[in-house]
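The structure under discussion appears below in the form of structure tokens.
The values are calculated or read from the model by the stated rules, or taken from the named source; none is laboratory data. Because the structure is predicted, anything quoted here is derived from the model rather than measured. Neighbour counts run over all protein chains shown; Cβ positions are idealised from the backbone, glycine included.
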Amino acid sequence: METKKLALITGVSRQEGLGFEIARQLAEQDYKVIISARDTAKVIRLAARLQDEGLDIVPMVLDITSDDSVGKAFAEIAHRFEKLDVLINNAGAWYDAGVSPLSQTFDYTEQAFETNLFGAWRMVKVFVPLLEKSENGIIVNVSSGAGSFSDPQTGLVAKGDTTAYGISKLALNGLTVKLASELKPKGVRINAACPGFTATYEGTEQWGARPVPDGARSIVWAATLPADGPTGGFFRDGKRLDW
Ligand SMILES: NC(=O)c1ccc[n+]([C@@H]2O[C@H](COP(=O)([O-])OP(=O)(O)OC[C@H]3O[C@@H](n4cnc5c(N)ncnc54)[C@H](OP(=O)(O)O)[C@@H]3O)[C@@H](O)[C@H]2O)c1
């Protein structure tokens, strides 16, 4: 069995993205980190960059919307490592800024839910047996202030837009609470964490986005909680966020 703590991160296809920096920060804390993405070439290239920094990184192909892909990743991790300590559901998409509920299509909204809600849900359902084998199994659902009532800039009541994305992240927070009760007796804790508005796309700094290492730290905090830490919460920068 793997002796180091083992973390799996979904949605690591861009060097500028949060997943890449979360992987770096965890590996710097002596975790072995499996980074995963849909695109084989991209994830192998990104793994090589982190390996060049001397970090313990394993690339893996994984599409969170596919039962087949998630099943194969589970089988490979079970075979090679026998357990999993941390699952970070970082993959997310379908940011529909400026689109209101009356104008958004169900087609787009279904795709947002397929990734942001059902993708994370599928990952949890499949990987719980490996997380149960950890002494301190932790799941982090990377959520967003866009799915909360309390975020004054992008939250649910701030503006009538970012419809599909915001509602899918709200649902992800609800799923987190439901799963927390069921996972607690299994010794697995689950929280939703928001990175805050983070500059993962060029030009967003001018709108107030913060550096990627700062956003990633908010997720790494939730991924490295002690065994008596919270479960079923929604956090940013280690502080509870109101829904
Ligand atoms: N940046 C922010 O300000 C901010 C704020 C709040 C929350 N978040 C959340 O933080 C997470 C990371 O976002 P980011 O800003 O770092 O953007 P990003 O680089 O675009 O990250 C999203 C990742 O999800 C992947 N993905 C999409 N669908 C997938 C699927 N079916 N299977 C596997 N991977 C899939 C994308 O890969 P492909 O290249 O294959 O599409 C991409 O690597 C997201 O959940 C986002 O909602 C970000």
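Okay, residues lined up against (1) closer than 21 Å to Ala7 by Cα; (2) not in a loop (DSSP other than H, G, I, E, B):
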site: Lys133; (1), (2): yes, no
site: Ser150; (1), (2): no, no
site: Ala158; (1), (2): no, no
site: Ala164; (1), (2): no, yes
site: Asn191; (1), (2): yes, yes
site: Tyr201; (1), (2): no, no
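Under 7 Å by Cβ, and 6 or more places apart or on different chains, what pairs join a residue from region 14-28 that is within 10 Å of Leu50 (Cβ to Cβ) with one that is within 8 Å of the ligand (Cβ to nearest atom) and not in a helix (DSSP H, G or I)?
Between residues of region 14-28 that are within 10 Å of Leu50 (Cβ to Cβ) and residues that are within 8 Å of the ligand (Cβ to nearest atom) and not in a helix (DSSP H, G or I), the close pairs are Phe20/Val12; Phe20/Arg14; Ala23/Val12.
Surrounded by 13 or more Cβ atoms within 10 Å (Cβ to Cβ) and among the acidic types (Asp, Glu): which single residue out of Glu82, Glu132 fits that description?
From the options Glu82, Glu132, the qualifying one is Glu132.
In this structure, does Lys42 turn out to be assigned to a loop (DSSP other than H, G, I, E, B) and either within 16 Å of the ligand (Cβ to nearest atom) or within 22 Å of Trp221 (Cα to Cα) (or both)?
no
The conditions are (1) touching a residue at least 60 places away in the same chain (Cβ under 8 Å); (2) within 12 Å of the ligand (Cβ to nearest atom); (3) of a type outside the set (Val, Ile, Thr); (4) over 20 Å from Leu172 (Cβ atoms), and Phe81 fails exactly one of them. Which is it?
Exception for Phe81: condition (2).
Looking at this structure, is Val61 under 30 Å from Thr162 (Cα atoms) and modelled with pLDDT of 95 or more? Don't jump to the end; show me each part of the working.
Values: under 30 Å from Thr162 (Cα atoms): yes; modelled with pLDDT of 95 or more: yes.
So Val61 fits the description; yes.
For region 182-203, check the following and say yes or no: at least one residue is touching a residue at least 40 places away in the same chain (Cβ under 8 Å), of a type in the set (Asp, Glu) and away from the ligand (no atom under 14 Å from the Cβ).
Looking through region 182-203, none of the residues is touching a residue at least 40 places away in the same chain (Cβ under 8 Å), of a type in the set (Asp, Glu) and away from the ligand (no atom under 14 Å from the Cβ).
Please enumerate the residues belonging to region 15-39 that are more than 11 Å from the ligand (Cβ to nearest atom) and either farther than 24 Å from Lys125 by Cα or assigned to a helix (DSSP H, G or I) (or both). It would help to see each step written out before you state the result.
Initially, region 15-39 is screened for residues more than 11 Å from the ligand (Cβ to nearest atom), giving 23-34.
Answer for region 15-39, where residues must be more than 11 Å from the ligand (Cβ to nearest atom) and either farther than 24 Å from Lys125 by Cα or assigned to a helix (DSSP H, G or I) (or both): Ala23, Arg24, Gln25, Leu26, Ala27, Glu28, Gln29, Asp30.
Please work out which residue is nearest to Ala23 (Cα to Cα), limiting yourself to region 87-106 and to residues that are within 16 Å of the ligand (Cβ to nearest atom) and not in a loop (DSSP other than H, G, I, E, B).
Ile88
Filter region 57-70 down to residues that are part of a loop (DSSP other than H, G, I, E, B) and surrounded by fewer than 17 Cβ atoms within 10 Å (Cβ to Cβ) and give me whichever is farthest from the ligand (Cβ to nearest atom).
Out of the qualifying residues, it is Ser66.
Would you be able to tell me the number of residues in region 153-196 that are modelled with pLDDT under 95 and touching a Lys or Arg at 6+ places or on another chain (Cβ under 7 Å)?
0
Take the residues in region 71-86 that are of a type outside the set (A, V, I, L, M), assigned to a loop (DSSP other than H, G, I, E, B) and touching a strand residue (DSSP E or B) at 6+ places or on another chain (Cβ under 8 Å); name whichever of them is farthest from Ser218 (Cα to Cα).
Among those that are of a type outside the set (A, V, I, L, M), assigned to a loop (DSSP other than H, G, I, E, B) and touching a strand residue (DSSP E or B) at 6+ places or on another chain (Cβ under 8 Å), it is Lys83.
Can you tell me which of (1) surrounded by fewer than 18 Cβ atoms within 10 Å (Cβ to Cβ); (2) small (Gly, Ala, Ser); (3) in a helix (DSSP H, G or I) is the one Ala120 doesn't meet?
(1)
Pick from region 135-161 the residues that are more than 11 Å from the ligand (Cβ to nearest atom) and in contact (Cβ under 8 Å) with a residue 60 or more places away in the chain: which of them is surrounded by the fewest Cβ atoms within 10 Å (Cβ to Cβ)?
Glu135
Count, please, the residues in region 204-216 that happen to be part of a helix (DSSP H, G or I) and either away from the ligand (no atom under 13 Å from the Cβ) or surrounded by fewer than 19 Cβ atoms within 10 Å (Cβ to Cβ) (or both). Step through it out loud before you land on a result.
Step one: list which residues in region 204-216 are part of a helix (DSSP H, G or I), which gives 204-207, 212-216.
Retained after the next criterion (residues that are either away from the ligand (no atom under 13 Å from the Cβ) or surrounded by fewer than 19 Cβ atoms within 10 Å (Cβ to Cβ) (or both)): 204-207, 213-214.
Looking only at that region, the number is 6.
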